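Notes to accompany the following structure.
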Amino acid sequence: MSRTKILIGIFVTLIIGIALAAYLRPQLVKAECGRSNRSMVNVSSAEMGTIAIGMACRDFAFTADPNVILSRTLLPSDLPSLYLDAEDICSGHKLDLVILKGAFHYTNAVHATESDYSYVAYVIDREEGIDIMMATSKNGGPFRKLLNDPSLPDDPIIVPKQSVTKVLSPEPTDPPEINEIPKSCGDASIRPTRAPNKK
Amino acid sequence: MIKNPHKSLILFFSVLIGFSLALTFGPLGKVFAVGPNNAYVVGALRQVNSVRGSKAYLTTPDVIAQIVGLENYYSLTYAGTYISNPLWVETGAREYIPSGQSTPVYKPRTGWRDASGNVGSYTYTGWNLYPGGWYYYELHYKANSGGNWRTKIIDGAGNTVIIKDVPLTLSALHEVGSGGESTDIVGLIGDISTSYNGWQQWGTTYWYYYCYTTSYHNPSIPWSITPCGGSYDWTIHF
């Protein structure tokens, strides 16, 4: 076989390979977008960043891959910046904080809302295998402390915050919480259902 | 045809290189997200007066996710406001398949959009819910909190868990509703039933029960909503 025929064979094979990859690519994207099929328990921080991009793909539209600008273990001092209280998390679980930077487009059809964000934060529970919390920011201000970047500006207020004096009066009284139980890490049991009634 | 033993190796590596080139540098090598495209059906009531709270019994969606990468099926009860930049707080159940597993689980969940237009969500993993089972959900403005809204769930044993105090920084909303929503249009939910839908007016502690007066749905999906029944109940399907 001549050298020319070999080269043609290599060329044709390359084309077939590229075509196959192009055909398979959408399937790969589907697998990356949304959830990871493998356990998160022992993945590295870098891999957790990739998993978080898959979560962002589920929640937002973006045309370019976001950058993982923070991926590490969640610290107790992180909670206030993420609107979380200590009781909101299972402290016995391994929790990760991942912050992505990119151009995230959010659509919520129920509320006829479209918004654009530059930052998305996820708190991921490795044992549960999901994101337990997601938060967004346009300018990064809420994540200033997490990212150790004092230059990040505050987000604009689109609906003026209500001062105490502007809160509708009379200020309501909270009903007592009946049989309130503290949050826990839970177990495999399933909570009993509650039949509808008017009380 | 291939007499040289090295030729098969050359062919094999050529295919490998082709794949690598296409995946790494080709236009298809980028992760191009299509993003969420909600499927939803919600029966709602618009209020001229201010809403201080919303409550409902809801069934937990019991359809197993059919599509890899899809996990957000949830029912919701919400209080929202329809202005140019709406704020909302909603609570319900979330279905997802934990990574590394194949069986879905169902957990209480709260979502919101605050005064800066930022959206957020929180899932409480401590409670497992029955698929198809009834649970009571309630959300209301939290007094003297500067604008926090409290969401909670009560189970059949009468136990209450505060799902989340949401920093909405707004003291009254203008619409209530109950229904279902999926973050992916291909993730249809099936049936969700809701009963004893109620709302609370600002300044009162009395719960008014209501039937929906309008409904929202994604126009591109088959959907239905039953007429409101005597228990202020309806079932949505999509």
Working only within the range B:57-94, note down all residues that are under 27 Å from A:Asn42 (Cα atoms) and either at pLDDT 85 or above or not assigned by TED's automatic domain parsing to the domain that holds B:Ile163 (or both).
B:Arg94
Suppose we filter the range A:107-136 for residues that are at negative phi and part of a loop (DSSP other than H, G, I, E, B); how many remain?
6
Sort out for me the strands (runs of 3 or more DSSP E) sitting completely within the range B:76-189 that have 3 or more residues that are within 15 Å of the chain's Cα centre (by Cα) and at the interface with another protein chain (Cβ under 8 Å from one of its Cβ atoms).
B:119-123
Can you go through B:Asp165, B:Asp155 and tell me which one is in the same structural domain as B:Glu90 (by TED's automatic domain parsing), surrounded by fewer than 19 Cβ atoms within 10 Å (Cβ to Cβ) and not hydrophobic (A, V, I, L, M, F, W, C)?
B:Asp165
Here is a list of conditions, (1) more than 21 Å from B:Gly132 (Cβ to Cβ); (2) among the aromatic types (Phe, Trp, Tyr); (3) within 20 Å of the chain's Cα centre (by Cα), and B:Tyr206 meets all of them except one; can you say which number that is?
(3)
For the range A:62-80, what are the residues that are modelled with pLDDT of 95 or more and of a type in the set (S, T, N, Q)?
A:Asn67, A:Ser71, A:Thr73, A:Ser77
Residue selected from the range B:191-206 under the condition among the aromatic types (Phe, Trp, Tyr) and surrounded by fewer than 20 Cβ atoms within 10 Å (Cβ to Cβ), by the criterion farthest from the other protein chains (Cβ to nearest Cβ)
B:Tyr206
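The values are calculated or read from the model by the stated rules, or taken from the named source; none is laboratory data. Keep in mind it's a predicted model, so treat the numbers as computed, not measured. Cβ sites come from the backbone with ideal geometry, for glycine too, and all protein chains shown count toward neighbours.
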